[in-house]
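Here is the structure we will look at, set down as structure tokens.
The values are calculated or read from the model by the stated rules, or taken from the named source; none is laboratory data. As the structure is a prediction and not an experimental result, all values here were calculated from the model. Neighbour counts are summed over all protein chains in view; Cβ atoms, including those assigned to glycine, are modelled from backbone coordinates with ideal geometry. These accessible areas exclude ligands, DNA and RNA; they are computed on the full protein's heavy atoms, side chains included. Shrake-Rupley method; radii C 1.70, N 1.55, O 1.52, S 1.80 Å.
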Amino acid sequence: MEKEKKNINRREFINKGAKLAIGVSAFSIFPYRSLAGNTVDKLKVALVGTGSRGSGTWGKSLVQPYKDYIELVGLCDINPKRVEYAKKYIGTNATTYLAKDFDRMVQDTKPDAVIVTTVDCFHAKYSVRAMELGCNVICEKPLATDAEQCQKLLDTELKTGKKIITTFNVRHQTSAEEIKKVIVSGELGNIISAEFQEYLDINHGASYYRRWHGKSRFSGTLLCTKASHHFDQMNWSIDAEPVEVNAFGRVAYYGKNNSFRYRNCRGCPFAEKCDFYWDITKDQRSMDMYVACEKEDGYLRDGCVWDNDNDTYDTMTVEVKYNNGVLLSYSLNAFLPYEGQRIAFNGEKGRLDVRLYHRQPWDVEHNSDFRLTKNFSNTKTWHIKPGEGGHGGADEKLKDKLFKPNQSDPLGKMAGSRAGVMASLIGIAARQSIETGKRIKIADLIDFPLTWRE
Ligand SMILES: NC(=O)c1ccc[n+]([C@@H]2O[C@H](COP(=O)([O-])OP(=O)(O)OC[C@H]3O[C@@H](n4cnc5c(N)ncnc54)[C@H](O)[C@@H]3O)[C@@H](O)[C@H]2O)c1
């Protein structure tokens, strides 16, 4: 009875609580880096997971350009060679540690914040431990790959008073900003439904099946590792939180769907005839970062896309019902001849159509087409250019907001644990829906903190 009452309260909360979800500010994490901008000290950061994202975006591209604002004090990875490679690649004096010595790294180097860029399924473990050891957390998406991890993250944040930032760089892309501005402008009126179609091509899509992402136990499937970006973008765009999820998914293209397979591309007897053969030896960074380190942990970066153990869906459709009544229809296909997105919002007063072109075997004049059509009225089109830098300038904008003083956030682009958990929970619920054949209520997945209702 008590449990039932608690759940009803939680559902009530889910139905009412959306307005709190956006506008979560990074500034609360680093109080001395206040809006007034009086920086007292450099922010001390340590990083766990020194692979591509860790040594690049949060390593080399952080340490030099942001040297006036941050100091990298520790690097940690499960792979002893990769952590040393990262130190050299980044060009830092930070002390290196093995994953088993994560606690020691935090105790020795005393960072203000820990940046978590490991394989997805370990994000929660390190984020929780970092908070228990007194640090704030800057965590890559997806914040979590299962409901238990979401619960631990929220409970620990509450218990320790430390804070998590989820690095949803997509919110900082010019196209995402433009969509948010159109919705906030009220031109569409109240949003009634939305559509999101993700097209991953045979380069980008296949790359997930050569890496750990192809195994759901590491990535939580593309519904977590990839789609958490999209779910967060939609949650943020419409300023709402998910209530119920229904999904279908298949491994329809990669994995078992071929007559031949090998362990990895190097030395593959089918190299000549396989369309997905990838010669990692031509990529020096991958050779240094992965191949030179593979004896330590057995991880093969050029894994076979046809591996029978690739159980991450490459084809999926998801329906989400939101607490403001919006119905979202989402799909992702990871084996297409071109890459891009179609996003649309249907409002009381009209429809916004967005088509983003990332890679396609035909010429396009612009990277994006925006069209706003008003009911009983006119239609207008325009284009938005991506910014310069990583992920269309989004990585730099996110880091500016995180680390530089005097940053304002009128669109509420900085995301905390709540946004991170909500995006993850859609993916987790979708996966559960696919596996059970049932609709999944978000409120049944975890016990939300009561403070979220205030
Ligand atoms: N926001 C974005 O645009 C974006 C882009 C790329 C990657 N990412 C995220 O960044 C993270 C890292 O991705 P990546 O492409 O760098 O992958 P990667 O495989 O290159 O790096 C992952 C690193 O984690 C380490 N690791 C694995 N298990 C560990 C453990 N138990 N303890 C400590 N370290 C461990 C690996 O040794 C490796 O160095 C992922 O969560 C991914 O989703 C985000």
Anything in the stretch 276-287 that is touching a helix residue (DSSP H, G or I) at 6+ places or on another chain (Cβ under 6 Å) and under 15 Å from Ala86 (Cβ atoms)? List them, or say none. Ser286
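Suppose we filter the stretch 211-252 for residues that are under 27 Å from Ala344 (Cα atoms) and part of a helix (DSSP H, G or I); how many remain?
Here is the first cut: in the stretch 211-252, the ones under 27 Å from Ala344 (Cα atoms) are 220-252.
Filter again for part of a helix (DSSP H, G or I), leaving 222-225, 227-238.
Residues meeting the conditions: 16.
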Of the conditions (1) within 27 Å of Gly340 (Cα to Cα); (2) within 18 Å of the chain's Cα centre (by Cα); (3) open to solvent by 20 Å² or more (accessible area, probe 1.4 Å); (4) away from the ligand (no atom under 16 Å from the Cβ), Lys163 satisfies every one except a single condition; which number is it? (1)
Has the stretch 281-302 got at least one residue that is open to solvent by 20 Å² or more (accessible area, probe 1.4 Å), in contact (Cβ under 8 Å) with a residue 40 or more places away in the chain and touching a Cys at 6+ places or on another chain (Cβ under 9 Å)? yes
State whether the residues of the stretch 391-399 include one that is away from the ligand (no atom under 16 Å from the Cβ) and among the charged types (D, E, K, R). no
Selection from the stretch 51-105 of residues within 21 Å of Glu296 (Cβ to Cβ), assigned to a strand (DSSP E or B) and in contact (Cβ under 8 Å) with a residue 24 or more places away in the chain yields Gly74, Leu75, Cys76, Asp77
Cβ pairs under 7 Å, 6+ apart, first in the stretch 386-406 and at positive phi, second within 12 Å of the ligand (Cβ to nearest atom): Gly389/Asp395; His391/Asn169; His391/Gln173; Gly392/Gln173
Being open to solvent by 80 Å² or more (accessible area, probe 1.4 Å), within 25 Å of Pro65 (Cβ to Cβ) and in contact with a strand residue (DSSP E or B) (Cβ under 9 Å, 6 or more places away or on another chain) is the filter here, so list the residues in the stretch 368-411 that pass it. Lys385
Anything in the stretch 99-108 that is open to solvent by less than 60 Å² (accessible area, probe 1.4 Å) and within 13 Å of the ligand (Cβ to nearest atom)? List them, or say none. Ala99, Asp101, Phe102, Asp103, Met105
When you scan the stretch 57-82, how many residues do you find that are more than 14 Å from Ile115 (Cβ to Cβ) and open to solvent by less than 60 Å² (accessible area, probe 1.4 Å)? 3
Across the stretch 178-202, what is the total count of residues that are part of a helix (DSSP H, G or I) and either touching a helix residue (DSSP H, G or I) at 6+ places or on another chain (Cβ under 7 Å) or within 16 Å of the ligand (Cβ to nearest atom) (or both)? 3
List the pairs whose first member sits in the stretch 222-233 and is on the phi < 0 side of the Ramachandran plot, whose second member is among the polar types (S, T, N, Q) and away from the ligand (no atom under 11 Å from the Cβ), and whose Cβ atoms are under 7 Å apart, counting only residues at least 6 apart or on separate chains? Leu222/Thr312; Cys224/Ser424; Ser228/Ser424
Only one of Ile446, Ile428 is crowded, with 17+ Cβ neighbours inside 10 Å, more than 16 Å from the ligand (Cβ to nearest atom) and not in a strand (DSSP E or B); which? Ile446
Any chance the stretch 135-147 includes a residue that's in a helix (DSSP H, G or I), at pLDDT 95 or above and within 15 Å of the ligand (Cβ to nearest atom)? no
Of the conditions (1) open to solvent by 10 Å² or more (accessible area, probe 1.4 Å); (2) within 9 Å of the ligand (Cβ to nearest atom); (3) closer than 16 Å to Glu140 by Cβ; (4) out of contact with any Phe, Trp or Tyr (no Cβ under 8 Å at 6 or more places or on another chain), Gly54 satisfies every one except a single condition; which number is it? (1)
Do we find a residue being more than 13 Å from the ligand (Cβ to nearest atom), among the β-branched types (Val, Ile, Thr) and at negative phi anywhere in the stretch 109-123? yes
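Condition check: free of Cβ contacts under 8 Å to residues at least 40 places away in the same chain, assigned to a loop (DSSP other than H, G, I, E, B) and more than 16 Å from the ligand (Cβ to nearest atom). Does Gly255 satisfy that?
Working: free of Cβ contacts under 8 Å to residues at least 40 places away in the same chain: no; assigned to a loop (DSSP other than H, G, I, E, B): yes; more than 16 Å from the ligand (Cβ to nearest atom): yes.
Spelling it out, it is not the case that Gly255 is free of Cβ contacts under 8 Å to residues at least 40 places away in the same chain, assigned to a loop (DSSP other than H, G, I, E, B) and more than 16 Å from the ligand (Cβ to nearest atom).
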